[in-house]
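Worksheet: one structure, shown below.
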């Protein structure tokens, strides 16, 4: 059921609306690229934000860091590599790399999300079904 690898990658072309007047990706869009990578990582593991929310769990971002090395530009084919940084507890942490077609690192990043019980509005442990799927 899904890819049991703790890392994944997606690839897509930069759209015109994601860039500034110079054709360079606006810095705020990298957070969305990380989210796209994280969402696909979860999906390939057999999970979805929708299913977690139906089960009473939210995953808000509590930390985001981005290190810009080179610019991504309009129509570039970029790859987002998403990797689980450590075993989830109350938090789940991901590392990211964004690369261009020449496999040059454009951006690196890290995000930390917390498992929140929607009904209690309090942090909670990572659901067992996620840990089970990670074979931890």
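Observations, loosely collected:
- When the criteria are applied in full, residue 129 fails the requirement of being surrounded by 16 or more Cβ atoms within 10 Å (Cβ to Cβ) and more than 18 Å from the chain's Cα centre (by Cα).
- Scan the stretch 97-112 for residues that are buried (at least 17 other Cβ atoms within 10 Å of the Cβ), touching a residue at least 24 places away in the same chain (Cβ under 8 Å) and within 12 Å of residue 72 (Cα to Cα) and the total you get is 4.
- Residue list for the stretch 113-122, filter: part of a strand (DSSP E or B) and either in contact (Cβ under 8 Å) with a residue 40 or more places away in the chain or over 14 Å from residue 56 (Cβ atoms) (or both): 113, 114, 116, 117
- Search result, residues across the stretch 85-96 that are surrounded by fewer than 19 Cβ atoms within 10 Å (Cβ to Cβ) and either at positive phi or in contact with a strand residue (DSSP E or B) (Cβ under 8 Å, 6 or more places away or on another chain) (or both): 85, 86, 90, 91, 93, 95
One line per residue, one yes/no per condition, for (1) out of contact with any helix residue (DSSP H, G or I) (no Cβ under 7 Å at 6 or more places or on another chain); (2) modelled with pLDDT of 95 or more; (3) surrounded by 14 or more Cβ atoms within 10 Å (Cβ to Cβ):
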site	(1), (2), (3)
14	yes, yes, yes
18	no, yes, yes
38	yes, yes, yes
53	yes, no, no
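- Count of residues meeting criterion [closer than 23 Å to residue 49 by Cα and surrounded by fewer than 16 Cβ atoms within 10 Å (Cβ to Cβ)] in the stretch 65-84: 1
- Which numbered condition residue 125 fails, given (1) assigned to a helix (DSSP H, G or I); (2) farther than 21 Å from residue 11 by Cβ: (1)
The values are calculated or read from the model by the stated rules, or taken from the named source; none is laboratory data. No experiment lies behind these values; they were computed from the predicted model shown. Note: ideal-geometry Cβ built from the backbone for every residue, glycine included; neighbour counts use all protein chains shown.
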